[in-house]
Amino acid sequence: MILGKCPYCNGKVIAIKTTAHGKKVNLYTCENAKKEYDESESFVFTADSTCTFRVYSNVFLKWNKRSFSKYEMKKLLEEDQVIVRLHGRRGTSEYFKYVITDKEYGISILWDEEVSKKEEEEFLISS
Ligand SMILES: [Zn+2]
């Protein structure tokens, strides 16, 4: 499934079903960013990879967001920025943050920027 254009090389970003630490996850990857196990069992970019854009759907697990969905990834590629709902410990308080693509990490949270109440409401209506 093609989700959009890579922000770094204009290649196609595709969704692939895979497993990470025994859990089923989606991998959103630029078609030019392929990884493989080398002879020392390290997971490295292939010699023909020209891009590094790869994001796993469980990227925000640490902030109690179980999955960054295909829909969210598609929106991020279209709009360069997307709002995500994160949760505090034990799933108590929820809060909203902007997320942007990141050349090194694939995706990153803008911790210093506040999402306005108006945008929170729009998010809740559309989700
Ligand atoms: Zn790319």
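The values are calculated or read from the model by the stated rules, or taken from the named source; none is laboratory data. Nothing here was measured: the structure is a model prediction, and the numbers come from that model. In this analysis, Cβ positions are derived from the backbone assuming ideal geometry, glycine residues included, and neighbour counts consider all displayed protein chains. For the accessible areas, the whole protein counts, side chains as well, though only heavy atoms, and no ligand, DNA or RNA atoms are used. Shrake-Rupley method; radii C 1.70, N 1.55, O 1.52, S 1.80 Å.
Does region 23-44 include one or more residues that are without any contact (Cβ under 8 Å) to a residue 24 or more places away in the chain, farther than 30 Å from K117 by Cα, exposed (fewer than 11 other Cβ atoms within 10 Å of the Cβ) and aliphatic (A, V, I, L, M)?
Checked region 23-44: no residue is without any contact (Cβ under 8 Å) to a residue 24 or more places away in the chain, farther than 30 Å from K117 by Cα, exposed (fewer than 11 other Cβ atoms within 10 Å of the Cβ) and aliphatic (A, V, I, L, M).
Could you tell me whether T50 is more than 16 Å from the ligand (Cβ to nearest atom), open to solvent by 80 Å² or more (accessible area, probe 1.4 Å) and either in a strand (DSSP E or B) or at pLDDT 95 or above (or both)?
no
Let me confirm something: among E72, E114, E94, E79, which residue is open to solvent by 70 Å² or more (accessible area, probe 1.4 Å), closer than 28 Å to I16 by Cβ and either out of contact with any Phe, Trp or Tyr (no Cβ under 8 Å at 6 or more places or on another chain) or among the aromatic types (F, W, Y) (or both)?
On inspection, the qualifying residue turns out to be E79.
When N10 is evaluated against the numbered criteria (1) within 12 Å of the ligand (Cβ to nearest atom); (2) assigned to a loop (DSSP other than H, G, I, E, B); (3) open to solvent by less than 80 Å² (accessible area, probe 1.4 Å), which criterion, by number, is the only one it fails?
Failed condition: (3).
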